[in-house]
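A.B. asks: Once you've had a glance at the structure underneath, I'll fire off some questions.
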Amino acid sequence: MAGGIEVKVEFPQIEEIKKAFRSMPPALAAQTEGAALKKVIDPGYKALLANVRAMNQVSGNLLRAVAVKRKGYKKTGSAVALAGFIVAGSDRKASQKVQQKGRDKAYHQSFIEFGTKERRTKGRYASSFKKRGPFEIAKRVFSVSTRSVSRRIYTNPATPRAFFKVAKKGNTVPLGAMKPGGRTGKPPVRSAYESALPQMKALMPAEMTKAILGVNKSVAKMFPVKNNKQ
């Protein structure tokens, strides 16, 4: 996952919780804090899944790329939790295979989130053949107006599963601009963050406190206090 949005929360118990984590061995603190943060970020993860499902992406690669990751820092005793998209091409083993689908195949994630400027092809043809596989030309339609002559080509399967466009000789094909969020108009990560933020803020103190109490109970069981009666 690359980039991201940080959730910063302040609550009355924060200093006591910080002291509790600092009193633990760094490796244990990192593990405990990471487990709690993964629960805190879960509403954001579920909101992101819902946003991507609503986009009805053709390949499904964007949905496959949605993931949660936690990382602990054993030296400092801290941790982070992330919800977002797996970096495209990050799975070397999967990337070496010739395949169209996979968890690390969402190369268009930044286009969906931030949109694009007006785009054009380098040549006079635009086709989905390389990325989506073979297709058939179903029919060709020519239209003539006082301003121009255009050619529209219908494919089988139809758009958006396949497409083929051609411009006049010497021209390039206009691909248009993509707005943030694509057809839904909702940038998936940003809108998930905004909708889930109140719930994540509410979970933060509760999950942190539960994590610390859980560690204390485990330690107490491992090292019970014996009462010496005389």
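A.B. asks: Being among the small types (G, A, S) and outside any strand (DSSP E or B) is the filter here, so list the residues in the range 38-93 that pass it. Outline the logic, then answer.
C.D. replies: Looking only at the range 38-93, we keep the residues that are among the small types (G, A, S), and these are 44, 47, 50, 54, 59-60, 65, 67, 72, 77-79, 81, 83-84, 88-90.
Answer for the range 38-93, where residues must be among the small types (G, A, S) and outside any strand (DSSP E or B): G44, A47, A50, A54, S59, G60, A65, G77, A88, G89, S90.
A.B. asks: Which of the following residues is farther than 30 Å from M24 by Cβ, among the hydrophobic types (A, V, I, L, M, F, W, C), part of a helix (DSSP H, G or I) and at pLDDT 75 or above: A202, A192? Write out each step before concluding.
C.D. replies: Numbers: A202 fails: farther than 30 Å from M24 by Cβ.
On inspection, the qualifying residue turns out to be A192.
A.B. asks: Kindly check whether there is at least one residue in the range 137-144 that is of a type in the set (K, R), at pLDDT 80 or above and either part of a strand (DSSP E or B) or not assigned by TED's automatic domain parsing to the domain that holds K19 (or both). I'd like the intermediate steps shown before the answer.
C.D. replies: Residues of the range 137-144 of a type in the set (K, R): 139-140.
After this cut, where a residue has to be at pLDDT 80 or above as well, the list is none.
Taking every residue of the range 137-144 in turn, none turns out to be of a type in the set (K, R), at pLDDT 80 or above and either part of a strand (DSSP E or B) or not assigned by TED's automatic domain parsing to the domain that holds K19 (or both).
A.B. asks: In the range 43-79, which residues are crowded, with 16+ Cβ neighbours inside 10 Å, among the small types (G, A, S) and touching a residue at least 60 places away in the same chain (Cβ under 8 Å)?
C.D. replies: Within the range 43-79, G44, A47, S59 meet the criteria.
A.B. asks: Note down all Cβ pairs under 7 Å where the first residue falls in the range 174-198 and is hydroxyl-bearing (S, T, Y), the second is not in a helix (DSSP H, G or I), and they're at least six residues apart or on different chains.
C.D. replies: As it stands, the answer is Y193/I5, since those pairs meet every condition given.
A.B. asks: Limited to the range 30-49, what total is found for residues that are among the small types (G, A, S) and over 13 Å from the mean Cα position of the chain (by Cα)? Break it down stepwise before answering.
C.D. replies: Going residue by residue through the range 30-49, those that are among the small types (G, A, S) are 30, 34-36, 44, 47.
Okay, now just the ones that are also over 13 Å from the mean Cα position of the chain (by Cα), so 30, 34-36.
Selection size over the range 30-49: 4.
A.B. asks: When you go through (1) at pLDDT 80 or above; (2) small (G, A, S); (3) over 30 Å from P25 (Cα atoms) one by one for G176, which number turns out not to apply?
C.D. replies: Among (1) at pLDDT 80 or above; (2) small (G, A, S); (3) over 30 Å from P25 (Cα atoms), G176 violates only (1).
The values are calculated or read from the model by the stated rules, or taken from the named source; none is laboratory data. On a predicted model such as this, the values are computed, not experimentally measured, just so you know. Virtual Cβ from ideal backbone geometry, glycine too; neighbours counted across all protein chains shown.
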